[in-house]
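One structure is given below, encoded as structure tokens.
Where a number appears in this text, it was derived from the coordinates with a stated rule and is not lab data. This one's a predicted model, so the numbers in the text were calculated from it and none came from an experiment. All Cβ positions, even for glycine, are placed from backbone atoms using ideal geometry, and neighbour counts span all protein chains on display.
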Amino acid sequence: MSRSRVAEIAGAGLAGLAAATALAQQGWKVRVHEKGKDLREIGAGIYLWQNALDALRTLGVYDQVATTGVRSEKPRLLQDHKAREVKLRREGDADPELIVILRTELHRILAEQAVKEGVEIVTNSRVLGADPEGRLEFPGGYGPKADLVVGADGVFSRVRDSLRLTERIIDLKDGCGRHLIPRMEGDGLSRQRIEMWNGGRRIGMAAASKEYHYVFLCCPEHDTAGRIQQPFNLEAWVDSHPIYEEYLSRLPRHPEEYWRPFFNVFCSAWSRGNVCIVGDAAHGMSPNLGQGACVAIVNATVLARAVAEKNDIPAALAKWEEMERPYIDQTQKMSYLYGYIGTRWPQKLLGLRSRILPIVARTNALQRNLRCAVDHKPGI
Ligand SMILES: Cc1cc2nc3c(=O)[nH]c(=O)nc-3n(C[C@H](O)[C@H](O)[C@H](O)COP(=O)(O)OP(=O)(O)OC[C@H]3O[C@@H](n4cnc5c(N)ncnc54)[C@H](O)[C@@H]3O)c2cc1C
């Protein structure tokens, strides 16, 4: 019997766990190194669009995700102080499937599936880098040579840096706080998700479990009253979004989460030799389209297919990047654009935004570009 091929992965976030499970399902012997002393995911809720749901189906966890999370329908985008509605779809366009779920639950489901598929997860295992031959570097020296090494170690990836693949990490000067608030009887939000913009502030809300609504509060970095959410400045947010006072007042004075800045990651390539990067390490993006983790999960599963039964791993990785990178780069751009319009639009021109957004939002070109990740069918 031929030996199983070996993969070593840095990072047990959503991308690392998805890659680990997908590779194990292809017969690889997989070990994941997580620097944290526990396996855990931070953040409140997460949007999982149709593209990620298809990938989660191939990983064998779709049913669990669907029963744990909440299927979200009827999106509403409201803008400006008059809460005018912007139609997000043209008449007759189908809504892509979307499930909102607690991050901790999604991470647990993926970690359990990885273990079930035979993946070894080592916590307290900090990776310092990798060499292109296929070895991870640890504080005690290099580990054993693997057939494939995957850097899924997030925005500030050591694996990416050590291979000199990093071009730029851009701080986008906007960000958001993510929180959970209790669901109450009579809330209008059972399956609906809403987003409301006023000035540079954006509030998003959707049910994420039977007990909780997921709430995100975005604003530019210079908006100190909006940004500093320890203690939570209820007055400031009610001032910009009075119609959500009832929901906002459920946020604790000292929420667990704080305002997180958004970054765009640009790299020269996704691989060198037998080492590749995936997830935020390779294509970190602002979360304005709710696609960062979705494309990370999809791309991790495509990666496993790309190297399946291939002897020339470097060539297979180059092909994977050639096929999958264009739509991910485009998603990163569109997410940035959405954030620019919603959060960083010049305050003096807000009246113009209110007038043109409802028209531009329904154009074919914008719709096609906003949906490029949801509509993408992997080439491998
Ligand atoms: C406010 C906000 C809201 C978001 N909302 C959405 C959304 O609704 N939908 C969506 O699809 N995306 C969303 N995203 C994006 C999404 O969270 C990320 O794209 C996704 O979590 C990236 O996963 P990852 O596994 O690549 O990286 P990470 O989650 O950063 O995981 C990296 C893992 O590697 C470990 N690690 C790091 N360095 C090392 C090392 N040296 N050695 C060993 N282990 C290491 C870390 O501890 C971590 O466990 C959002 C992001 C933010 C900031």
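What ranking do V32, V360, V302 get, fewest neighbouring Cβ atoms within 10 angstrom at the top?
On the way: V32 28, V360 13, V302 22.
If I rank by nearby Cβ atoms, fewest first, I get V360, V302, V32.
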Global geometry of the stretch 97-205, whether rounded, prolate or oblate, following the gyration tensor of its Cα atoms and the 1.5 cut on a/c: oblate
Under the Cβ-under-4.7 Å rule, which cysteines of the chain stay unpaired? C219, C267, C276, C294, C372
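Compute the FRET efficiency between I170 and A94 as 1/(1 + (r/R0)^6), taking r as their Cβ-Cβ distance and R0 = 30 Å, and round to the nearest 0.05.
Numbers: r = 34 Å, r/R0 = 1.14.
Working from the Cβ atoms, E equals 0.30.
What number comes out for the charge environment of D54, summing +1 per Lys or Arg and -1 per Asp or Glu over other residues with Cβ under 10 Å away?
Working: positive: R57, K377; negative: E97.
With Lys, Arg at +1 and Asp, Glu at -1, the net is +1.
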Tally the DSSP beta bridges in the chain and give the antiparallel ones as a percent, rounded to 5. 70 percent
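Using a simple charge model, +1 on the beta-carbon of Lys and Arg, -1 on the beta-carbon of Asp and Glu, nothing else, what dipole does the chain show about its Cα centre, in debye to the nearest 20? Spell out each step's value before the answer.
Details: 52 positive and 46 negative charges, 118 e Å.
Here the size comes out at about 560 debye.
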Placed amide H near H213: partners under 5 Å, 5+ positions off or other chain: I181, R183, A208
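Rounded to the nearest 500 deg cm²/dmol, what is the calculated helix-only ellipticity per residue at 222 nm for the chain, with -39500 (n - 2.57) per DSSP H run of length n ≥ 4? Walk me through the numbers before you get to the answer.
Working: 14 runs with 136 residues, N = 380.
Value at 222 nm, helices only: -10500 deg cm²/dmol.
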Hey, how many Å between the Cα centroid of the stretch 1-34 and the Cα centroid of the stretch 243-282? 24 Å
Along the charge dipole of the chain, Cβ charges K/R +1 and D/E -1, which of M184, M196, V295 sits furthest on the positive end? M196
Euclidean distance of C-alpha centroids, the stretch 310-365 and the stretch 164-223, integer Å: 18 Å
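Take M205, M184, M323, M285 and order them by how many other Cβ atoms sit within 10 Å, fewest up front.
Working: M205 24, M184 11, M323 14, M285 27.
By the 10 Å Cβ count, ascending: M184, M323, M205, M285.
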Residue by residue through the stretch 223-235, which ³J(HN,Hα) values in whole Hz follow from phi under the Karplus form 6.51 cos²θ - 1.76 cosθ + 1.60 (θ = phi - 60°), with glycine and proline marked x? 7, 4, 5, x, 7, 6, 10, 10, x, 5, 8, 4, 4
Calculate one ³J(HN,Hα) per residue across the stretch 256-265 by plugging θ = phi - 60° into the Karplus curve 6.51 cos²θ - 1.76 cosθ + 1.60, and present them in order as whole Hz with x for glycine and proline. 5, 8, 10, 5, 10, x, 9, 10, 9, 9
Work out the charge dipole of the stretch 328-380 with +1 on the Cβ of Lys and Arg and -1 on the Cβ of Asp and Glu about the Cα centre, then indicate which of H376, G339, L357 is farthest towards its positive end. L357
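May I ask which of K116/K210; K74/K116; K310/K377 have a Cα-Cα span longer than 32 Å here? Kindly include the intermediate steps, with their values, before the conclusion.
On the way: K116/K210 27 Å; K74/K116 36 Å; K310/K377 21 Å.
Violating the 32 Å Cα-Cα cut-off are K74/K116.
Assign one of three labels to the stretch 14-56, namely rounded, prolate or oblate, based on the Cα gyration tensor with a ≥ b ≥ c the square roots of its eigenvalues; rounded applies when a/c is under 1.5, prolate when it is not and a/b is larger than b/c, and oblate otherwise.
Values: a/c = 4.33, a/b = 1.09, b/c = 3.99.
Here the stretch 14-56 falls in the oblate category.
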HN-Hα J couplings of the stretch 67-81 from phi, Karplus 6.51/-1.76/1.60, θ = phi - 60°, integer Hz, Gly and Pro as x? 7, 8, x, 10, 5, 10, 10, 6, x, 10, 10, 10, 9, 6, 5
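Once Rh for the stretch 270-343 is found with the Kirkwood sum over Cα pairs, what is the Stokes-Einstein diffusion coefficient at 37 °C and 0.692 mPa s, in µm²/s?
Numbers: Rh = 12.9 Å.
So the translational diffusion coefficient is about 254 µm²/s.
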Across all Cα atoms of the chain, Rg and the largest Cα-Cα distance (Dmax), in Å, are 20.9, 70
Nonlocal amide H pairs with V275, under 5 Å, H built at 1.01 Å: V149
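Using Cβ contacts closer than 10 Å as the measure, can you line up F232, F262, F138 from fewest to most? Could you put the intermediate results ahead of the total?
On the way: F232 19, F262 24, F138 15.
Listing F232, F262, F138 from fewest to most nearby Cβ atoms yields F138, F232, F262.
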Can you find, among V159, I328, A18, the residue sitting farthest towards the positive end of the charge dipole of the chain, where Lys and Arg contribute +1 and Asp and Glu -1 at Cβ? I328
